[in-house]
Amino acid sequence: MKYFLFPIIALCLVACTGSSSNSSYDSGYSSSVDCDDCDGDGYVISTCSTCDGEGETITTCSSCGGDGETTGTATRYTNSPATCNTCYGTGKVRCNNCYGNGYRTCRTCSGQGRNRCLSCNGSGKIYLNGYRNCLACKGYGTEECVICDGKGREYCCGDGRVTCEECWGSGKKGREVSSHTYNTTSTCSVCDGYGRYETECYTCDGYGKIKRTCYTCDGTGKVSGGSGW
């Protein structure tokens, strides 16, 4: 019986050895190696296409629209003499004596232009070795008013206006503050007048280079190799 089992055991040992040898062969054939394109890192460094590797981009200034100047308004205040509110700046007011007419009725003759003759007391006659016509009034009993020259009017101030006593004829009284708004142009404070400015590249964060996944190894850093012999 012992001699019968020896050949069977030998066959089993040969089969096991062959299987182990084939397993080793298969393992060597399916091994992987580092990717040459990314040196096994799984990513590659390339120049940023947004800023061409400068790390900065040129941006048009939004504050001035690229003009380098900004416009606005300013108010200038002036302190000047105020217009007299009594004469409204004319320096003249209506004469109260003549009520603006420039003349008034003669107070001596009440506008008649003649007064009672003082020589004959208005009778027109005087007694001188008998009654005869008054030589002063020529028998009329009245004589021309010497105040208004027989016109019945006293001329007051010409045009009926006299100098304003509030402003002494200047037309101004006190001070007033007035304002004037005008357009202004100034250098843009954001871009210092250049109309544009440099900003950090948003794609590469100012480094000029970007890191991207290796297309060859799909970011694993490994590619399939050859035989392991």
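The values are calculated or read from the model by the stated rules, or taken from the named source; none is laboratory data. On a predicted model such as this, the values are computed, not experimentally measured, just so you know. Cβ sites come from the backbone with ideal geometry, for glycine too, and all protein chains shown count toward neighbours.
Observations on the structure shown:
- Residue within the stretch 48-68 that is part of a loop (DSSP other than H, G, I, E, B), under 30 Å from Cys191 (Cα atoms) and of a type in the set (Val, Ile, Thr) present: yes
- Total residues in the stretch 40-61, condition out of contact with any strand residue (DSSP E or B) (no Cβ under 7 Å at 6 or more places or on another chain) and either of a type in the set (A, V, I, L, M, F, W, C) or at pLDDT 80 or above (or both): 1
- All told, Ala74 falls short of being assigned to a strand (DSSP E or B), of a type outside the set (D, E, K, R) and more than 16 Å from the chain's Cα centre (by Cα).
- Restricting attention to the stretch 83-109, the residues that are out of contact with any Phe, Trp or Tyr (no Cβ under 9 Å at 6 or more places or on another chain) and in a loop (DSSP other than H, G, I, E, B) add up to 17.
- Among the residues of the stretch 101-149, the ones that are out of contact with any Cys (no Cβ under 7 Å at 6 or more places or on another chain), closer than 30 Å to Arg161 by Cα and of a type outside the set (Val, Ile, Thr) come to 7 in all.
- Where Arg107 falls short, out of the listed (1) modelled with pLDDT of 85 or more; (2) surrounded by 15 or more Cβ atoms within 10 Å (Cβ to Cβ): (2)
- Contact annotation: residue pairs with Cβ atoms under 8 Å, 6 or more positions apart or on different chains, pairing a residue in the stretch 153-182 that is under 12 Å from Gly89 (Cβ atoms) with a partner that is basic (Lys, Arg) and modelled with pLDDT of 80 or more, are Cys164/Lys92; Glu166/Lys173; Cys167/Lys173; Gly169/Lys92.
- Scan of the stretch 181-211 for residues that are under 18 Å from the mean Cα position of the chain (by Cα) and surrounded by 12 or more Cβ atoms within 10 Å (Cβ to Cβ), ordered by number: Ser186, Thr187, Cys188, Val190, Gly193
- Within the stretch 33-49, being surrounded by 14 or more Cβ atoms within 10 Å (Cβ to Cβ) and farther than 19 Å from Val223 by Cβ holds for one residue alone: Cys48.
- Test for Cys188: is it closer than 30 Å to Val93 by Cα and out of contact with any His (no Cβ under 7 Å at 6 or more places or on another chain): no
- In the stretch 148-160, residue modelled with the highest pLDDT [restricted to those that are loosely packed, with under 15 Cβ neighbours inside 10 Å and of a type outside the set (Phe, Trp, Tyr)]: Asp149
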